[in-house]
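What follows is a short report on a single structure.
Coordinate-derived values only; no laboratory data. Bear in mind that the values here come from a model prediction, so they are computed numbers and not experimental data. All Cβ positions, glycine included, derive from the backbone under ideal geometry; neighbour counts span all protein chains shown.
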Amino acid sequence: MELKHQILKILEENRGNSVNGTKMAKELYVTRSAIWKNIKQLQSDGYHIEGIPNRGYILLESNDILTAESISPYLLGKAKNFKLDVRKSVSSTNTLAKELAADGASEGYVLIALEQTEGRGRMGRSFYSPDSTGLYLSLILRPQLNLEDSLLITTSTAVAVAKAIEKLTGNDVYIKWVNDLFVGGKKVSGILTEASLNIENGGLEYAVIGIGINVSTKNFPDNLKSIAGSIFSKKPEDKPITSLLAAEVLNNLSQAMDNLTDRTYLEEYKKRSFLIGKEIYVLKGNESLPAKALDIDDRARLVVEYQNGSREALSSGEVSVRAK
């Protein structure tokens, strides 16, 4: 780890409190001048660091630059074992994470980007991912699951993300089966799970969970203005909110992935659903079939009843609420 990142790690671990420059120099086996030069570099990179005579350097609470060092201090339990890789800009975190998984990257690798130039959602849609206004991450898993139960990954992730958003904003979060999260009637987050099948045992070789959250995104493209929103109209200035959100999501995911097959989270998923009991359209190919959403079963499938009285448990596909 280069010296600048070592210094940043120390400052992040002591965020809001002064760190003596001389003590830092001794700890890192460098000169006091080297500490000063790297602090200046960090300040030029945009970090809010103040130097206070006879006290040292303080990384201010208001700093919200997303880095591995800014997230790590807030990770708890097994989430501390995640390997964080934070990049300024990528095409798509899921695309790159899938390539890394295919090349043997281990479970727990987390790729985070400040910006995606080709962010992806379900059904071939794009996910608007402008610089430094959202949280865009992908997590590699190697779960012991068969293909039939793979939907549990997406639905448990939806609950984990919903709980993280609620904790930091105080707002209720609702889920549109299977992967969209809504606050105040606007979509604020989407989840894309992609997997590779192990032909020999019929299970998953790996799974990649992609999560996009609009933290303070504005100026959505015209086709999104009426449906997309953000969890904050303006980022709080007294805390590193994006780092806190990333850590909270990862903390929740580390617990959720340990409890996938016991399905205890499904009741919470159902309580957050705004589809159950609603008149909907089930989109199949070029058809929109009128139906009613009845329930979500123990495999996280959406149970629907069509107008002819027949029922189906959907494990994939797209649905929309029918206008009254």
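Odds and ends about this structure:
- Comparing Cα centroids, region 271-309 and region 166-243 end up 22 angstrom apart.
- Summary of packing: across the peptides 281-291, 117-127, the per-residue average of other C-beta atoms within 10 Å ranks them, highest first, as 117-127, 281-291.
- Magnitude of the charge dipole for region 75-185, about its Cα centre and with charges confined to Cβ atoms of Lys, Arg (+1) and Asp, Glu (-1), is about 180 debye.
- The chain: angle of helix 3-13 to the longest principal axis, Cα-based, in degrees nearest 10: 70 degrees
- Most to least packed among 99-112, 302-315 [average Cβ atoms within 10 Å]: 99-112, 302-315
- In order through region 31-37: 3J(HN,Hα) via Karplus (6.51 cos²θ - 1.76 cosθ + 1.60), integer Hz, x for Gly, Pro: 7, 4, 5, 5, 4, 4, 4
- Under Karplus coefficients 6.51, -1.76 and 1.60, residue-wise ³J(HN,Hα) of region 180-193 in Hz, glycine/proline x: 9, 10, 10, 10, x, x, 10, 6, 10, 7, x, 10, 10, 9
- Under the Debye formula (equal points on every Cα, no solvent term), log10 I(q)/I(0) of the chain at q = 0.07, 0.15 Å⁻¹: -0.32, -1.23
- With a simple spin-label model that places each label point 7 Å from the Cα along the Cα-to-Cβ direction, the separation between Arg311 and Leu197 comes to 2.7 nm.
- Candidate aspartates and glutamates - alpha carbon under 13 Å from Lys186, same-chain residues fewer than 8 apart omitted: Asp172
- By average C-beta atoms within 10 angstrom, highest first, the peptides 83-94, 268-279: 83-94, 268-279
- Amide H to amide H distances under 5 Å link Arg87 with Ile112, Ala113, Leu114, where only residues 5 or more positions off or on other chains count and H is placed in the peptide plane.
- Each Lys and Arg contributes +1 and each Asp and Glu -1, all at the Cβ; summed about the Cα centre of the chain, the dipole is approximately 840 debye.
- For the chain, the longest principal axis of the C-alpha atoms and the axis of helix 151-169 are separated by about 50°.
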